[in-house]
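The values are calculated or read from the model by the stated rules, or taken from the named source; none is laboratory data. Owing to the predicted nature of the structure, the values given are computational and were not obtained by experimental measurement. No Cβ is skipped: glycine too gets one built from the backbone with ideal geometry, and neighbour counts run over all protein chains shown.
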Amino acid sequence: MDHATRSNEIFVSNDILSAPNEHELKNFGKNTEKEDIFRKGSKTYFNSSRFFPDEYRNDVTIFYSFVRVADDLVDKVPQDADGFYHFMDTYMRSLSGGFSGYSVVDDFVSLMEKKGIEPNLVESFFKAMKMDLTKTRYETMAELCDYMHGSAEVIGLIMRRILDLPKVAEEYASLLGRSMQFLNFVRDVREDNELGRMYLPADSARKFGLNSLRENDVKGKEEDFSSFIKENLDIFFEWDREARKGFRFIPKRLLIPIITAQNMYAWTARKIFRNPMIVFRNKVKPSKGRILLEIFKNWFLWKLHYL
């Protein structure tokens, strides 16, 4: 899935690392190891999260290490379905009051209790991950949005809890997660082709004469493919604009990492919009230097009370 969670890419990404086996899971005990999972999953999110205040940063790391492990098990080549179901069962045992011995799981369950994170949100996340084990194509936007609810929107909803934001921010947190993952689907066309998946709605692609998004099938239809990609980027830009309206509910000190991550996603979208065929050549993402520059720009604006 890797898209918010692969956040979806609030946020899940589709950068794949080797999924840990059961023995390795038992060794995920130290916070530095959770940070390593987080860092490998998404440099944008990880570097941005460094600017959360201390009292939130550790909780964010615990959360993202949990979703990354699950996400990587279903994105592994070949997929590790047994490992995923074992991970899910371990979570259920820990949730019911049993200590699993897996720090990634136990620490997240403790975080759920601490922050009032509803189990149904995690259930929706696991439902989406199970879809990645069997489903390879989405026909309509409605079908895709059903998937993104569990894989990306709930990431935003859980982050809303972790950051102690007001309930009125839920709609925007959900949309922020969805917008980020949707951009990942555009950015990761080549990678998803290699995994045998097509996330962008097939009925929309057919309007442009595209039955698949594989590079060989797009040859001779470059203009149609570019128009298709731009249409989907317009959807991202619309969702992005709407999600940003929720920034007014976020305390300024917490806004730095969030606005940094979203600005980097917008930068990625603009770069692809200028040349949609680039998705077949490169995985478009900002450099660490660009991310850090954006972070310090936003930090400076915050210090001057302009953010």
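At a glance:
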quantity: Sole exception among (1) at pLDDT 95 or above; (2) under 18 Å from the mean Cα position of the chain (by Cα); (3) among the hydrophobic types (A, V, I, L, M, F, W, C) for Ile291, by number; calculated: (1)
quantity: Subset of segment 146-169 (residues that are over 19 Å from Val60 (Cα atoms) and within 14 Å of the chain's Cα centre (by Cα)); calculated: Tyr147, Met148, His149
quantity: Test for Asp224: is it within 22 Å of the chain's Cα centre (by Cα) and of a type in the set (Asp, Glu); calculated: no
quantity: Identity of the residue in segment 100-133, polar (S, T, N, Q) and in a helix (DSSP H, G or I), that ends up surrounded by the fewest Cβ atoms within 10 Å (Cβ to Cβ); calculated: Asn120
quantity: Within segment 135-217, helices (runs of 4 or more DSSP H) holding 1 or more residues that are touching a strand residue (DSSP E or B) at 6+ places or on another chain (Cβ under 6 Å) and under 30 Å from Phe249 (Cβ atoms); calculated: 154-162, 170-187
quantity: Test: residue in segment 219-242 that is at positive phi and either loosely packed, with under 14 Cβ neighbours inside 10 Å or in contact with a Leu (Cβ under 7 Å, 6 or more places away or on another chain) (or both); calculated: yes
quantity: Unmet requirement for Met92, which otherwise passes all of (1) at pLDDT 95 or above; (2) under 30 Å from Phe236 (Cβ atoms); calculated: (2)
quantity: Residue selected from segment 249-307 under the condition of a type in the set (Gly, Ala, Ser) and in a helix (DSSP H, G or I), by the criterion farthest from Gly156 (Cα to Cα); calculated: Gly289
quantity: Single match in Lys283, Lys230 (criterion: modelled with pLDDT under 95 and under 22 Å from Met148 (Cβ atoms)); calculated: Lys283
